[in-house]
């Protein structure tokens, strides 16, 4: 019975994800679902991306359990920002995103970043209609995350290793990290960067600009 | 209907939590449920605690989505270690712990650490029968975690800030972090420490030894 309910939830989600996907397609908007643990740097990555993509019109949907903290940070740079407060729910779903999309000017945007709730597990299973899932991991979380939380590394189109400025003072073994990702996912690019120093961000910006639809 | 199911799940969990709680009480074992995001340092904290609590008999239950990685690390120090692989589930529940307890020598132990799945949201709602929930946050995750993930900070008996060795090279504002915790929880001690350098661990060890039941 529990399984049946879960299947209903995912079926319901899928319907709304298709509505979102069609909207994104009709408006030629590139939509990126940004996933990570709490504190890996999702908001920082989005802000650094906005700063470097001044030629594009960008919108952001911010997902959090509580607070408008991240949306306020992003409001300093762009207007099309919507905060979703899930009120306890551990992930965004397509229906929440569908409602949020009504509050931004989708047809005039080139790129939408959806910052998911900080959670390396639950958000992975919920299609939001996005073009790509991008997973952030960070040096300070340790090199064993692909081993312990494999699903996000399998399902994401880009894997970002953030906080590489901490590599010199950390025992993070990059070769191990890469090897363990490659055992799960042989294709998705792995981009090393630091939102703090800016190192490596060019590669991420290059990936985005190559995938913009307009 | 969905709500009813969730209520059933929590009711079922509660029954098993009571079984565990009675077992812990009968055997005078101090049981600590360790909660945090992925990579905040739960395993490191447990290893550093084992090293400093040589006069006590310690058991560990390791919860992970996948792998036996953490249990193997701890096996180097003690024998009573059980790995629970949740197979995708985002938290431990009391029934999983009840089964795991059959595989360690509870009656001869003084302390059991239960390392929950790395997730700052879902595990908080599941009582495992433990004496105390202990929440780890780490400097590298940023000072806004109490604002964005309040429930764990409300429900935990001790809040640990790990990785304080990173404070000098971080923009983490400890006063803000503490203030935001105190708005949620006026009582639980906040212990600052670094599992890497050992700084502050004495305060944590003192708290444990004061709470041992035998």
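The numbers here are math on the coordinates, done by the rules we state, and not lab data. Values in this document were obtained by computation on a predicted structure and should not be read as measured data. In this analysis, Cβ positions are derived from the backbone assuming ideal geometry, glycine residues included, and neighbour counts consider all displayed protein chains.
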Q) Going 7 Å from the Cα of residue B:19 in the Cα-to-Cβ direction, what parts of segment B:77-114 have a backbone nitrogen less than 11 Å from that spot? A) B:94-102
Q) Ranked from highest to lowest mean number of other Cβ atoms within 10 Å per residue, what is the order of the peptides A:32-45, B:150-163? A) A:32-45, B:150-163
Q.
Measuring nothing but label to label, 7 Å from Cα along Cα→Cβ, what are residue A:87's distances to the other copies in nm, shortest first?
A. 3.3
Q.
Quick check: pseudo-label points 7 Å beyond the Cα along Cα→Cβ at residue A:132 and residue B:53, how many nm apart are they?
A. 4.6
Q: Can you run the Rg to Rh ratio on chain A? Use alpha carbon positions and the Kirkwood inverse-distance Rh.
A: 0.95
Q: Kindly put A:23, B:92 in sequence by how many other C-beta atoms sit within 10 Å of each C-beta, fewest to most.
A: A:23, B:92
Q: Going by the rotation axis that takes chain B to chain A, pick out the residue of B with the closest C-beta and quote the gap in whole Å.
A: B:140, 2
Q. Where q = 0.22 Å⁻¹, what log10 of I(q)/I(0) comes from the Debye formula for segment B:1-107, counting one point per Cα?
A. -1.36
(Q) Suppose a student asked you for the relative contact order of segment B:1-93, using Cα pairs under 8 Å spaced at least 6 residues apart; what percent would you report? (A) 21
**Q.** Partner chain coverage, peptide B:138-151 - average Cβ within 10 angstrom
**A.** 6
Q. Using the alpha carbon gyration tensor of segment A:49-112, what are the three equivalent-ellipsoid semi-axes (square root of 5 times each eigenvalue), largest first, in whole Å?
A. 21, 14, 9
Q | Label-point gap, in nm, between residue B:214 and residue B:107 - each point 7 angstrom along Cα→Cβ | A | 1.2
Q | chain A: relative contact order in percent, alpha carbon pairs under 8 Å with at least 6 residues between | A | 25
**Q.** Per-peptide average of other Cβ atoms within 10 Å, ordering A:191-204, A:60-73 highest first
**A.** A:60-73, A:191-204
Q) Average partner chain C-beta neighbours within 10 Å, per residue of A:34-44? A) 5
Q.
Counting only other chains, and only Cβ atoms inside 10 Å, what mean value do you get across the residues of B:66-78?
A. 2
(Q) Given the DSSP H assignment, sum -39500 (n - 2.57) over each helix run of at least 4 residues in the protein assembly as shown and divide by its residue total; what's the result at 222 nm in deg cm²/dmol, nearest 500? (A) -11500 deg cm²/dmol
(Q) To check my understanding: the extent here is largest minus smallest coordinate of the Cα atoms along each principal axis. What are those three numbers for the protein assembly as shown, in Å, largest first? (A) 68, 51, 44
Q | Position residue A:197, label points 7 Å along Cα→Cβ, spacing to each other copy in nm (shortest first, one decimal) | A | 2.0
Q) Inter-copy label distances at residue A:155, 7 Å along the Cα→beta-carbon direction, one decimal in nm, shortest first? A) 2.2
